[in-house]
Each structure stands twice: as structure tokens, then as C-alpha cells.
Amino acid sequence: MSIETPEDLKGVQAAGRVVAATLREVRRLVRPGVTTAQLDRAAARVFARHGARSAPRLTYDFPGAICISVDDEVVHGIPGARRLRAGQLVKLDVTAELDGYYADAAISVPVGPTRPAVGRLVATAGAALRQGLQAARAGRPVSAIGGAIEDEVERRGCYVLRELTGHGIGRAIHEPPTVPNHADPAAGQPLTEGLVIAVEPMIALGTGAVHLCPDGWTIATDDGSTAAHVEHTIVITADAPLVVTA
């Protein structure tokens, strides 16, 4: 969507605040021994306090309030009885609907001390997201975001998972345009002021190939290498984008 009225901006910002609050609460609970179902229930409680709903459940009947992916799982992991172990990397992907507006963000959280390579991966994902946001300016092509992300990821010795992309958001969980994480020439449409998009680098330590797991939801790396995922929902302006999920 594009912001057309002050009410639109307030609506997207309100949904973004719910997403940010949910991520803060769930991140606080990440530790060895906690189950992903417990984390999911905590997220659902935050949604309920704010009168918000899980967008993946609302739109796709996803079997959880949020997506929780571990280690080689990149996105769309299903919460359940699995207990987190020290050294793992958990990805928390939160999309909320509030009063007809949607916002989406994700973080990658180490479970206690992790291998240096995993720390490097998390740092790379964060740096790539920052570079992508800096490239997101009205008048530039959508592909400028992915080009900036890919340059940073490759400079740091990691791999972009090219099959997975960001997207428009605002009045639905997934809207045009597709926002690749590489310099895709097909993404040449210009960014326009007021456009609401989710920028979300998804990267891995190994090669960039992924597959859909037998559960029909989870996407994991082909080679079993650890993946990271970070994301913000932003509003495009002529200058720095407005981050609504910070």
C-alpha cells in the first residue's frame, strides 16, 4: 500500500508498535530449555493485550501466532514442543494485523553462547538490513535495496538466499512489489513516496539454495548451514525511510 492519509500512517505505525513490542517480549524469553510453543504463546498474549491478530494465522491459517525457525530453518518455522538448546540460532518473525493495517519484522537471536561463525552471520544480517534501508529512497529502483544488501552480505563472506524476498505490506500481509535481496534487474520499478514495504535480508553461511520441508511451511537451507533473518517494515520517503517496527 501507499500512505494516502494521516490515518493510514497512524494505522501502520500502530501495527508496527505491536510487532516491536512482541519481538521485545519474546526475545527476552529466549534461553536454553524454553519451547518454541512457549515463545509463541507469549507472542499471542502481547497480540491480545493490544487487540491485534496474527497475520499469518489470519491470512494463511498458519499453525502459530508467529513463525519461529531454528538453525538451518530460514523462515516459516512452526512453533511446537521443541526445546531450544545453547548454541542455536532462533529466528523470530512477527506479523501483526491491527484495525486493518499490517506490519512485519524479524530478528535472529542466539541461544546463549554460539560459534563465532554464527555471530558473524547475525552481524552480517544486521549490517545488510542497514545497508538496504539506506538504499530505500523515493525515485530509486526497488532493485537498489537488494543490490545494497547483496554487496554487504558478499563482502562479509555469507550468501543471500535469492529465492526468498521482501514484499509490500500495509493492508495485507503480502502486497506488491516484490523486494529481492539481490540486484535483480526485474525489480526496476521506482520506489515512490509513501510506499510501505518489508525489507528482510535472509542469508546463510553455506550456499544459497533452500527447500520446503515436509511440514509444508518451513523453508530450510539445502546444505544444512545456519541461516539468519532480519526485517523491518518501512515507509518510503525522499530521504531516510520511516521505520515503523523499530
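The values are calculated or read from the model by the stated rules, or taken from the named source; none is laboratory data. Note that this is a predicted model, so its numbers are computed, not measured. A quick note on method: Cβ atoms are made from the backbone with ideal geometry, for glycine too, and the neighbour counts reach across all protein chains shown. The area values use the complete protein model at the heavy-atom level, side chains included, leaving out ligands, DNA and RNA. Shrake-Rupley method; radii C 1.70, N 1.55, O 1.52, S 1.80 Å.
Results, tabulated for the structure shown:
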item: For the chain: rounded, prolate or oblate by the Cα gyration tensor [a/c cutoff 1.5]; result: oblate
item: By accessible area with a 1.4 Å probe, ligands and nucleic acids excluded, highest first: order of T124, T178; result: T178, T124
item: With all protein chains modelled, accessible area of H211 [1.4 Å, Å²]; result: 70 Å²
item: Leading residue at positive end of dipole, the range 89-246 (Cβ point charges), from A198, A240, T114; result: T114
item: Which of H76, V12, V34, positive extreme of dipole for the range 1-76 (C-beta unit charges); result: V34
item: Alpha-carbon centroid distance for the pair the range 50-74 / the range 91-106, whole angstrom; result: 9 Å
item: Electrostatic dipole magnitude of the range 76-152 [Cβ: Lys, Arg +1; Asp, Glu -1; Cα centre; debye, to 20]; result: 440 debye
item: Debye, to nearest 20: dipole size of the range 41-197, +1 on Lys, Arg Cβ, -1 on Asp, Glu Cβ; result: 680 debye
item: Pairwise FRET efficiency - E163 versus A138, Cβ, R0 = 22 Å, nearest 0.05; result: 0.20
item: Largest-first ordering by accessible area, 1.4 Å probe, given options K91, K10; result: K10, K91
item: Cβ-based charge dipole, the range 94-160, positive-most Cα from A125, A105, P141; result: A125
item: Accessible area in the full protein assembly, largest first, 1.4 Å probe, for D61, D215; result: D61, D215
item: Full-extension gain in nm, H50 to R82, via 0.36 nm per residue minus C-alpha separation; result: 8.8 nm
item: Given charges at beta-carbon only (K, R positive; D, E negative), |dipole| of the range 1-92 in Debye; result: 580 debye
item: Net lengthening on full extension, R115/L58 (0.36 nm per residue, minus Cα-Cα); result: 16.8 nm
item: Pairs of Cα atoms farther than 23 Å apart, the range 141-246, %; result: 29 percent
